[in-house]
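This report refers to the structure that appears directly beneath it.
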Amino acid sequence: MRHLRALCAIADAGSLHRAARQLGVAQPTLSTQLSRIEQALGGPLFTRERTGCRPTPLGRTVLGRARPLLADMRTLVREARAAAAGGDSRLRVGSTASRALAGWLRRLRQPGLEPTLQMDVSANALLRRVTDGQLDVAFVHEVEGCPLHVPEGLRLRVLVEREPQFVMLPADHPAAARAVVRLADLADDRWMVDPTVDGEWDGVHRMLRAVGLDPRVLHGDYHTAASLVATGEVVTVCQPSSQSRPDTAVRRLYGDPLGVRLLLAARTRAELDAVYPALEEAYWEVARQSTAYREWLEHLGPRLVPAAP
């Protein structure tokens with residue numbers, strides 16, 4: 001089964017490098033494993049090209065048999081775990097960073113159903129875990145212009161087709177005095193980007209280059225970025241549901257140059273339907289709590305947000 005999972009990961013990712021990252025192994029290790037599999041099966045399963053890997057005719061045949069076997073094994077493991085738990089059902093939730101998580105988990109929790117949570121900066125990795133049966137559902141974001149690698153057979157439901165990304169800057173920054181900030185107003189600032197988030201660096205880089213900016217960039221996670229913004233060291237893109245604090249300001253970017261699509265993924269439509277309403281309620285709850293996002297929704301996105309209960 002480990003070999004079959006490796007082959008499917010390579011096919012879905014389109015390259016050994018991305019597949020190794022999703023599987024959590026070193027690329028040379030995965031390459032060696034693939035060579036051994038090909039030797040055992042008697043021929044090459046993928047063609048190695050400069051742009052990645054593509055299945056050969058033999059590879060497509062093997063993959064066609066491997067996917068149903070893996071699906072059956074995931075079902076077996078899931079049913080065995082449920083039986084061993086004696087009816088104590090655990091909902092395994094995966095997610096990229098979101099302010100809606102606390103409210104979503106709170107709404108999902110009920111007698112006999114205890115949600116667990118796995119966080120990951122990689123949406124692609126979370127999707128693979130759902131496909132492999134390690135997670136039941138995953139809430140992920142897809143950066144505009146950087147499509148995710150959605151495994152075959154995975155069911156998706158869109159929560160928000162295009163969520164605009166805002167900017168977080170020091171509260172005493174001159175641009176913070178305006179409700180809408182132009183990228184040109186941030187030309188002299190350093191930006192912080194998390195390069196481990198699928199698509200984030202590409203999306204931010206494309207946004208800045210589109211207006212002729214090539215700023216200094218630091219790499220760091222969300223928490224580090226927020227800390228450095230507060231001390232005046234950097235500015236950073238942020239989710240629109242982020243809230244201003246005494247030392248930071250969250251503002252809309254003029255023209256909404258960067259957006260993400262918010263997706264819920266599961267193996268079956270029934271699993272999606274079971275958890276989507278709670279996620280929808282939690283998301284719009286935090287959306288209304290953010291002054292900047294609430295104002296954007298009232299003026300530019302009224303069709304996106306349902307009426308308050």
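The values are calculated or read from the model by the stated rules, or taken from the named source; none is laboratory data. Just so you know, these numbers come straight off a predicted model, no measurement behind them. Virtual Cβ from ideal backbone geometry, glycine too; neighbours counted across all protein chains shown. We work out accessible area using only protein heavy atoms, side chains counted, and drop any ligands, DNA or RNA first. Shrake-Rupley method; radii C 1.70, N 1.55, O 1.52, S 1.80 Å.
Val211: accessible area at probe 1.4 Å, nearest 10 Å²?
Taking all protein chains as shown, Val211 has close to 90 Å².
Ignoring ligands, DNA and RNA, what percent of the 1.4 Å accessible area of the range 99-221 is carbon and sulfur? Before the final figure, lay out each step's value.
Details: 2740 of 5650 Å².
The nonpolar share, carbon plus sulfur, comes to 49 percent.
What are the equivalent ellipsoid semi-axes of the range 160-309, built from the alpha-carbon gyration tensor (square roots of five times its eigenvalues), in whole angstrom, biggest first? Walk me through the intermediate numbers first.
Numbers: eigenvalues 155, 66, 41 Å².
Over the Cα atoms of the range 160-309, the semi-axes work out to 28, 18, 14 Å.
Using a Förster distance of 41 Å, how high is the FRET efficiency between Ser244 and Ile37, based on the Cβ-Cβ distance and rounded to 0.05? Could you put the intermediate results ahead of the total?
On the way: r = 53 Å, r/R0 = 1.29.
Calculated transfer efficiency: 0.20.
Check Phe46: other-chain or 5+ apart residues with amide H under 5 Å from its amide H, H built from backbone geometry?
Under 5 Å from the amide H of Phe46 lie the amide H atoms of Thr56, each far enough along the sequence or on another chain.
With N residues in the range 122-164, what two-decimal value do you get for its Cα radius of gyration over 2.2 N^0.38 Å?
Numbers: Rg = 10.5 Å, N = 43, 2.2 N^0.38 = 9.2 Å.
After normalising by residue count via 2.2 N^0.38 Å, the value is 1.15.
What's the FRET efficiency of Ser227 with Arg65 using the Cβ-Cβ distance as r and R₀ = 35 Å, to the nearest 0.05? Working shown, then result.
Numbers: r = 51 Å, r/R0 = 1.44.
Efficiency, rounded to the nearest 0.05: 0.10.
Okay, which of the range 208-236 sit inside 13 Å, backbone N to the point 7 Å along the Cα-Cβ direction of Asp188?
Answer for this model: none.
Measure off 7 Å from each Cα along the Cα-to-Cβ vector at Thr116 and His219, then give the distance between these two points in nanometres to one decimal.
A separation of 3.1 nm, rounded to one decimal place.
Using only protein heavy atoms and a 1.4 Å probe, report how much of Ser242 is accessible, in Å² to the nearest 10.
Result for Ser242: roughly 20 Å² accessible.
Within the range 131-153, list the residues whose amide N lies under 13 Å from a label point set 7 Å along Cα→Cβ of Thr268.
Counting only backbone N, you get 136-137.
Length gain on complete extension for the stretch Arg178 to Arg294, per 0.36 nm per residue less the alpha carbon to alpha carbon distance? It would help to have the intermediate numbers written out before the result.
Working: separation 116, 0.36 × 116 = 41.76 nm, distance 1.60 nm.
Residue separation times 0.36 nm, minus the Cα-Cα distance, leaves 40.2 nm.
Distance from the Cα centre of the range 161-199 to that of the range 222-248, in angstrom?
Value for the Cα centre distance between the two parts: 9 Å.
How do Thr268, Thr56 rank by accessible surface area computed with a 1.4 Å probe, from largest to smallest?
Descending order: Thr268, Thr56.
Per DSSP H run of n ≥ 4, the term is -39500 (n - 2.57); total these for the chain, divide by its residue number, and report the mean residue ellipticity at 222 nm rounded to 500 deg cm²/dmol.
On the way: 10 runs with 131 residues, N = 309.
Calculated mean residue ellipticity at 222 nm is -13500 deg cm²/dmol.
Give the accessible surface of the range 189-302 per residue, rounded to a whole number of Å², with probe radius 1.4 Å and ligands, DNA and RNA excluded. Each step should come with its number before you reach the end.
Values: 5170 Å² over 114 residues.
Here the per-residue accessible area is 45 Å².
What is the Å³ per residue value for the convex hull set by the Cα atoms of the range 216-290? Can you show the working numbers first?
On the way: hull volume 10.5 nm³, N = 75.
Here the figure is 140 Å³ per residue.
With all distinct Cα pairs included, what does the Kirkwood hydrodynamic radius of the range 117-217 come out to in Å, to one decimal, could you say? All intermediate terms of the calculation are to be shown ahead of the outcome.
Numbers: mean 1/r = 0.0629 Å⁻¹.
Hydrodynamic radius (Kirkwood, Cα pairs) of the range 117-217 is 15.9 Å.
What does the net charge come to around Phe46 if you take all other residues with beta carbon closer than 14 Å to its beta carbon, with K and R at +1 and D and E at -1? Provide the component values of the computation, followed by the final result.
Working: positive: Arg18, Arg36, Arg48, Arg50, Arg54, Arg60; negative: Asp12, Glu38, Glu49.
In short, +3.
Could you tell me how many cubic angstrom of Cα convex hull volume the chain has per residue?
Numbers: hull volume 46.9 nm³, N = 309.
In the chain, the Cα hull volume divided by residue count equals 152 Å³.
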